Amino acid sequence: MKILVATEKPFAKAAIQGIREIVEKAGHSLTLLEKYGTEEVFALELADKDALIVRSDKVTAMAIANALNLKIVVRAGAGYDNLDLPACTARGIVAMNTPGQNANAVAELAIGMMIYLARNQFQPGTGSELRGKKLGIHAYGNVGRGVAWAARGLGMEVFAFDPFVPAEKIKQDGVCPVDNIETLYNTCHYISLHIPANEQTKKSIGYDLLSRMPKGATLINTARKEVIHEEDLLKIMEERADFKYGTDILPDNKEVFLAKFGTRFFGTPKKMGAETAEANVNAGLAAATQIVNFFQNGDTTFQVNK
Ligand code: 3PG
(Lines give C-alpha, C1' and ligand atoms only; values in the text may rest on other atoms or scores of the structure.)
Protein backbone atom coordinates (compact mmCIF):
# COMPACT_ATOMS: atom_id res chain seq x y z
CA MET A 1 0.00 0.00 0.00
CA LYS A 2 1.07 3.60 -0.60
CA ILE A 3 1.05 5.75 2.50
CA LEU A 4 1.37 9.53 2.48
CA VAL A 5 2.48 11.66 5.42
CA ALA A 6 1.34 15.20 4.60
CA THR A 7 2.19 17.81 7.20
CA GLU A 8 2.24 21.55 6.66
CA LYS A 9 3.87 21.67 10.11
CA PRO A 10 6.47 18.88 9.90
CA PHE A 11 6.94 16.13 12.48
CA ALA A 12 10.26 15.92 14.35
CA LYS A 13 12.88 13.88 12.46
CA ALA A 14 12.74 11.05 15.01
CA ALA A 15 9.00 10.71 14.39
CA ILE A 16 9.46 10.45 10.62
CA GLN A 17 12.18 7.84 11.08
CA GLY A 18 9.90 5.80 13.34
CA ILE A 19 6.90 6.09 11.02
CA ARG A 20 9.04 4.99 8.07
CA GLU A 21 10.36 1.97 9.95
CA ILE A 22 6.86 0.80 10.94
CA VAL A 23 5.40 1.32 7.46
CA GLU A 24 8.27 -0.25 5.51
CA LYS A 25 8.65 -3.21 7.87
CA ALA A 26 5.01 -4.04 7.13
CA GLY A 27 5.74 -3.97 3.38
CA HIS A 28 4.19 -0.59 2.54
CA SER A 29 5.80 2.47 0.96
CA LEU A 30 6.00 5.94 2.48
CA THR A 31 5.90 9.34 0.79
CA LEU A 32 6.66 12.45 2.82
CA LEU A 33 5.13 15.79 1.87
CA GLU A 34 6.02 18.66 4.17
CA LYS A 35 5.24 22.39 4.03
CA TYR A 36 3.34 21.79 0.80
CA GLY A 37 1.74 25.24 0.76
CA THR A 38 -1.43 24.74 -1.24
CA GLU A 39 -4.31 22.29 -1.15
CA GLU A 40 -3.75 21.57 -4.83
CA VAL A 41 -0.22 20.28 -4.20
CA PHE A 42 -1.54 18.13 -1.36
CA ALA A 43 -4.47 16.77 -3.42
CA LEU A 44 -2.14 15.91 -6.31
CA GLU A 45 0.18 13.93 -4.05
CA LEU A 46 -2.75 12.17 -2.36
CA ALA A 47 -4.33 11.15 -5.66
CA ASP A 48 -2.74 7.66 -5.89
CA LYS A 49 -2.33 6.92 -2.16
CA ASP A 50 -4.10 4.25 -0.09
CA ALA A 51 -3.57 5.82 3.32
CA LEU A 52 -2.88 9.26 4.75
CA ILE A 53 -1.36 10.62 7.96
CA VAL A 54 -1.89 14.31 8.76
CA ARG A 55 -1.68 16.70 11.71
CA SER A 56 -3.95 19.79 11.62
CA ASP A 57 -3.87 19.70 7.82
CA LYS A 58 -7.26 20.22 6.23
CA VAL A 59 -8.49 17.09 4.48
CA THR A 60 -11.27 18.45 2.32
CA ALA A 61 -13.97 16.86 0.16
CA MET A 62 -12.00 18.06 -2.88
CA ALA A 63 -8.81 16.26 -1.82
CA ILE A 64 -10.77 13.11 -0.98
CA ALA A 65 -12.69 13.16 -4.27
CA ASN A 66 -9.38 13.05 -6.16
CA ALA A 67 -7.97 10.17 -4.11
CA LEU A 68 -9.75 7.17 -5.58
CA ASN A 69 -7.62 4.55 -3.78
CA LEU A 70 -7.83 6.17 -0.36
CA LYS A 71 -9.02 3.79 2.37
CA ILE A 72 -7.87 5.33 5.65
CA VAL A 73 -6.98 8.77 7.01
CA VAL A 74 -5.33 9.12 10.41
CA ARG A 75 -5.08 12.47 12.17
CA ALA A 76 -1.94 12.11 14.31
CA GLY A 77 -3.39 13.96 17.28
CA ALA A 78 -6.61 14.46 19.18
CA GLY A 79 -8.87 16.98 17.42
CA TYR A 80 -10.20 15.84 14.05
CA ASP A 81 -12.17 18.97 13.11
CA ASN A 82 -9.75 19.27 10.16
CA LEU A 83 -11.12 16.13 8.50
CA ASP A 84 -14.22 16.26 6.32
CA LEU A 85 -15.87 13.28 8.00
CA PRO A 86 -19.05 13.20 5.88
CA ALA A 87 -16.87 13.11 2.74
CA CYS A 88 -14.80 10.24 4.22
CA THR A 89 -17.89 8.31 5.28
CA ALA A 90 -19.58 8.77 1.91
CA ARG A 91 -16.59 7.09 0.26
CA GLY A 92 -16.24 4.38 2.95
CA ILE A 93 -12.91 5.84 4.07
CA VAL A 94 -12.03 5.09 7.69
CA ALA A 95 -11.03 8.21 9.66
CA MET A 96 -9.11 7.90 12.94
CA ASN A 97 -7.33 10.02 15.51
CA THR A 98 -4.64 8.99 18.00
CA PRO A 99 -6.21 9.99 21.32
CA GLY A 100 -3.91 10.73 24.24
CA GLN A 101 -0.66 10.48 22.31
CA ASN A 102 0.21 14.18 22.41
CA ALA A 103 -1.81 15.00 25.54
CA ASN A 104 1.08 15.52 27.93
CA ALA A 105 2.73 18.09 25.66
CA VAL A 106 -0.48 20.11 25.44
CA ALA A 107 -1.07 19.85 29.18
CA GLU A 108 2.45 21.13 29.92
CA LEU A 109 1.88 24.09 27.60
CA ALA A 110 -1.37 24.97 29.41
CA ILE A 111 0.46 24.95 32.75
CA GLY A 112 3.35 26.95 31.25
CA MET A 113 0.96 29.63 29.99
CA MET A 114 -0.72 29.82 33.39
CA ILE A 115 2.60 30.50 35.11
CA TYR A 116 3.69 32.91 32.37
CA LEU A 117 0.53 34.98 32.71
CA ALA A 118 0.52 34.83 36.54
CA ARG A 119 4.02 36.36 36.40
CA ASN A 120 3.02 39.08 33.91
CA GLN A 121 5.03 37.43 31.14
CA PHE A 122 8.16 37.79 33.28
CA GLN A 123 8.07 41.57 33.00
CA PRO A 124 9.14 43.62 36.03
CA GLY A 125 6.40 43.98 38.63
CA THR A 126 4.46 41.88 41.12
CA GLY A 127 2.94 38.67 39.87
CA SER A 128 0.95 35.95 41.60
CA GLU A 129 1.27 32.24 42.34
CA LEU A 130 -0.80 29.28 41.23
CA ARG A 131 -0.72 27.57 44.61
CA GLY A 132 -4.06 27.81 46.38
CA LYS A 133 -5.88 29.09 43.30
CA LYS A 134 -8.90 27.30 41.88
CA LEU A 135 -8.53 25.76 38.43
CA GLY A 136 -11.49 24.65 36.33
CA ILE A 137 -10.93 22.01 33.69
CA HIS A 138 -13.53 22.42 30.98
CA ALA A 139 -13.76 18.88 29.52
CA TYR A 140 -11.91 16.10 31.27
CA GLY A 141 -10.30 14.14 28.45
CA ASN A 142 -6.66 13.15 28.15
CA VAL A 143 -5.35 16.72 28.09
CA GLY A 144 -7.67 17.98 30.82
CA ARG A 145 -6.62 15.11 33.03
CA GLY A 146 -2.94 15.89 32.43
CA VAL A 147 -3.45 19.56 33.33
CA ALA A 148 -5.32 18.54 36.50
CA TRP A 149 -2.51 16.19 37.54
CA ALA A 150 0.20 18.82 37.11
CA ALA A 151 -1.90 21.58 38.68
CA ARG A 152 -2.51 19.48 41.78
CA GLY A 153 1.26 19.09 42.06
CA LEU A 154 1.49 22.88 42.12
CA GLY A 155 -1.02 23.05 44.96
CA MET A 156 -4.00 24.24 42.95
CA GLU A 157 -7.53 23.22 43.88
CA VAL A 158 -8.86 21.52 40.78
CA PHE A 159 -12.46 21.29 39.54
CA ALA A 160 -13.74 19.70 36.34
CA PHE A 161 -16.87 19.77 34.23
CA ASP A 162 -17.47 17.01 31.73
CA PRO A 163 -20.94 15.55 31.15
CA PHE A 164 -19.37 12.56 29.38
CA VAL A 165 -17.07 11.48 32.22
CA PRO A 166 -18.52 9.83 35.36
CA ALA A 167 -18.07 11.96 38.50
CA GLU A 168 -16.49 8.97 40.27
CA LYS A 169 -13.68 8.82 37.71
CA ILE A 170 -12.93 12.52 38.20
CA LYS A 171 -12.98 12.14 41.99
CA GLN A 172 -10.48 9.28 41.82
CA ASP A 173 -7.93 11.79 40.49
CA GLY A 174 -8.41 14.08 43.48
CA VAL A 175 -10.38 16.50 41.29
CA CYS A 176 -13.78 17.90 42.26
CA PRO A 177 -16.47 17.18 39.64
CA VAL A 178 -19.06 19.92 39.11
CA ASP A 179 -22.33 19.09 37.46
CA ASN A 180 -23.00 22.30 35.60
CA ILE A 181 -20.86 24.57 33.57
CA GLU A 182 -21.95 27.78 35.30
CA THR A 183 -20.64 26.49 38.64
CA LEU A 184 -17.24 25.81 37.10
CA TYR A 185 -16.93 29.39 35.82
CA ASN A 186 -18.43 30.89 39.02
CA THR A 187 -15.85 29.06 41.12
CA CYS A 188 -12.53 29.12 39.29
CA HIS A 189 -9.82 31.78 38.91
CA TYR A 190 -8.30 29.76 36.10
CA ILE A 191 -10.22 27.95 33.38
CA SER A 192 -8.42 25.61 30.99
CA LEU A 193 -10.38 24.70 27.86
CA HIS A 194 -10.24 21.17 26.48
CA ILE A 195 -13.43 20.94 24.42
CA PRO A 196 -13.37 19.93 20.75
CA ALA A 197 -14.57 22.33 18.05
CA ASN A 198 -17.91 21.16 16.73
CA GLU A 199 -21.37 22.54 16.00
CA GLN A 200 -22.30 22.45 19.71
CA THR A 201 -19.14 24.10 21.03
CA LYS A 202 -18.33 26.77 18.42
CA LYS A 203 -18.48 30.27 19.99
CA SER A 204 -19.78 28.64 23.18
CA ILE A 205 -17.27 30.39 25.47
CA GLY A 206 -18.86 33.81 25.61
CA TYR A 207 -19.89 36.65 27.87
CA ASP A 208 -22.31 34.65 30.01
CA LEU A 209 -19.64 32.19 31.13
CA LEU A 210 -16.61 34.48 31.21
CA SER A 211 -18.30 37.23 33.22
CA ARG A 212 -18.91 34.68 36.01
CA MET A 213 -15.22 34.16 36.72
CA PRO A 214 -13.98 35.57 40.04
CA LYS A 215 -11.54 38.46 40.30
CA GLY A 216 -8.08 37.56 39.04
CA ALA A 217 -9.46 35.48 36.18
CA THR A 218 -7.31 33.73 33.58
CA LEU A 219 -8.66 31.82 30.60
CA ILE A 220 -6.30 29.32 28.95
CA ASN A 221 -7.10 27.97 25.50
CA THR A 222 -5.05 25.09 24.14
CA ALA A 223 -8.14 23.68 22.41
CA ARG A 224 -9.44 25.53 19.35
CA LYS A 225 -9.92 29.18 18.36
CA GLU A 226 -13.45 28.45 17.16
CA VAL A 227 -14.82 27.64 20.63
CA ILE A 228 -14.26 31.25 21.77
CA HIS A 229 -16.80 33.98 21.14
CA GLU A 230 -14.12 36.51 20.28
CA GLU A 231 -16.22 39.68 20.49
CA ASP A 232 -17.44 38.65 23.95
CA LEU A 233 -13.91 37.89 25.10
CA LEU A 234 -12.75 41.31 23.88
CA LYS A 235 -15.61 42.94 25.76
CA ILE A 236 -14.79 41.17 29.02
CA MET A 237 -11.09 42.05 28.73
CA GLU A 238 -12.00 45.68 28.08
CA GLU A 239 -14.35 45.75 31.06
CA ARG A 240 -12.14 43.89 33.50
CA ALA A 241 -8.52 44.89 34.07
CA ASP A 242 -8.04 41.66 36.07
CA PHE A 243 -8.93 39.34 33.17
CA LYS A 244 -6.13 37.52 31.31
CA TYR A 245 -6.17 35.29 28.23
CA GLY A 246 -3.51 32.81 27.16
CA THR A 247 -4.00 30.93 23.93
CA ASP A 248 -2.23 28.47 21.67
CA ILE A 249 -4.34 29.57 18.73
CA LEU A 250 -4.21 33.26 17.88
CA PRO A 251 -7.53 35.12 17.77
CA ASP A 252 -8.74 36.52 14.43
CA ASN A 253 -8.17 40.03 15.83
CA LYS A 254 -4.79 39.30 17.34
CA GLU A 255 -3.52 42.84 16.67
CA VAL A 256 -6.36 44.25 18.77
CA PHE A 257 -5.59 41.88 21.66
CA LEU A 258 -1.88 42.68 21.46
CA ALA A 259 -2.41 46.43 21.26
CA LYS A 260 -5.00 46.65 24.03
CA PHE A 261 -4.07 44.18 26.71
CA GLY A 262 -0.28 44.13 27.11
CA THR A 263 0.82 41.34 29.43
CA ARG A 264 -2.80 40.28 30.02
CA PHE A 265 -2.79 38.59 26.62
CA PHE A 266 -0.43 35.95 25.30
CA GLY A 267 -0.74 33.89 22.14
CA THR A 268 1.82 31.50 20.67
CA PRO A 269 2.87 32.69 17.21
CA LYS A 270 2.05 29.22 15.80
CA LYS A 271 0.16 26.37 17.44
CA MET A 272 2.72 24.87 19.84
CA GLY A 273 0.73 22.43 21.99
CA ALA A 274 1.92 19.24 20.35
CA GLU A 275 5.31 20.63 19.33
CA THR A 276 7.56 18.36 21.35
CA ALA A 277 9.70 15.53 20.03
CA GLU A 278 7.94 13.19 22.46
CA ALA A 279 4.43 14.12 21.28
CA ASN A 280 5.46 13.90 17.61
CA VAL A 281 6.94 10.46 18.13
CA ASN A 282 4.00 9.20 20.18
CA ALA A 283 1.31 10.47 17.80
CA GLY A 284 3.23 9.72 14.58
CA LEU A 285 4.12 6.16 15.51
CA ALA A 286 0.61 5.49 16.78
CA ALA A 287 -0.81 6.71 13.46
CA ALA A 288 1.55 4.48 11.47
CA THR A 289 0.78 1.47 13.67
CA GLN A 290 -2.97 2.05 13.35
CA ILE A 291 -2.67 2.08 9.55
CA VAL A 292 -0.56 -1.09 9.50
CA ASN A 293 -3.06 -2.85 11.79
CA PHE A 294 -5.96 -1.69 9.64
CA PHE A 295 -4.43 -3.15 6.49
CA GLN A 296 -3.23 -6.30 8.29
CA ASN A 297 -6.37 -7.30 10.17
CA GLY A 298 -9.06 -4.69 9.60
CA ASP A 299 -8.52 -3.12 13.04
CA THR A 300 -10.70 0.01 13.28
CA THR A 301 -9.98 0.94 16.91
CA PHE A 302 -9.96 4.75 17.15
CA GLN A 303 -12.22 5.18 14.12
CA VAL A 304 -14.12 8.45 14.54
CA ASN A 305 -16.63 8.10 11.67
CA LYS A 306 -18.29 4.80 12.64
C1 3PG B 1 -4.42 18.03 18.52
O2 3PG B 1 -5.63 18.18 18.28
O3 3PG B 1 -3.90 16.91 18.63
C4 3PG B 1 -3.56 19.23 18.76
O5 3PG B 1 -4.27 20.39 18.54
C6 3PG B 1 -2.25 19.20 18.00
O7 3PG B 1 -2.34 19.62 16.67
P8 3PG B 1 -1.05 19.64 15.70
O9 3PG B 1 -0.64 18.25 15.42
O10 3PG B 1 -1.51 20.34 14.48
O11 3PG B 1 0.04 20.38 16.39
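The values are calculated or read from the model by the stated rules, or taken from the named source; none is laboratory data. Source: prediction; values computed, not measured. Here the Cβ positions follow ideal geometry from the backbone for every residue, glycine too, while neighbour counts run over all protein chains shown.
A single member of LEU44, LEU83 is within 15 Å of the ligand (Cβ to nearest atom) and out of contact with any Asp or Glu (no Cβ under 8 Å at 6 or more places or on another chain), and it is LEU83.
Based on this model, can you work out whether VAL23 counts as among the β-branched types (Val, Ile, Thr), closer than 24 Å to GLU278 by Cβ and not in a strand (DSSP E or B)?
So VAL23 passes the test.
Any chance the range 194-210 includes a residue that's in contact (Cβ under 8 Å) with a residue 60 or more places away in the chain and within 19 Å of LEU117 (Cα to Cα)? Checking the range 194-210: not a single residue is in contact (Cβ under 8 Å) with a residue 60 or more places away in the chain and within 19 Å of LEU117 (Cα to Cα). Scanning the range 197-216 for residues that are closer than 10 Å to ILE236 by Cα and touching a His at 6+ places or on another chain (Cβ under 6 Å) yields a single hit, GLY206. Applying a threshold of 9 Å to beta carbon distances and a minimum spacing of six or more residues, or different chains, the list of pairs starting in the range 67-88 at a residue that is closer than 16 Å to ASN102 by Cα and not assigned by TED's automatic domain parsing to the domain that holds GLY144 and ending at one that is aromatic (Phe, Trp, Tyr) and within 16 Å of the ligand (Cβ to nearest atom) reads VAL74/PHE302; ALA76/PHE11. Scan the range 6-32 for residues that are away from the ligand (no atom under 15 Å from the Cβ) and touching a strand residue (DSSP E or B) at 6+ places or on another chain (Cβ under 7 Å) and the total you get is 8. Among residues of the range 187-205 being more than 16 Å from the ligand (Cβ to nearest atom) and surrounded by fewer than 21 Cβ atoms within 10 Å (Cβ to Cβ), the one that is farthest from LEU83 (Cα to Cα) is THR187.
ALA51 meets the conditions (1) closer than 26 Å to TYR140 by Cα; (2) in contact (Cβ under 8 Å) with a residue 60 or more places away in the chain in every case but one. The failed one is (1). LYS244 falls short on exactly one of the conditions (1) without any contact (Cβ under 8 Å) to a residue 12 or more places away in the chain; (2) closer than 24 Å to GLY146 by Cα, and that condition is (1).
Looking across the range 92-107, the residues that are under 12 Å from ALA76 (Cα atoms) and away from the ligand (no atom under 12 Å from the Cβ) come down to ALA95, MET96.
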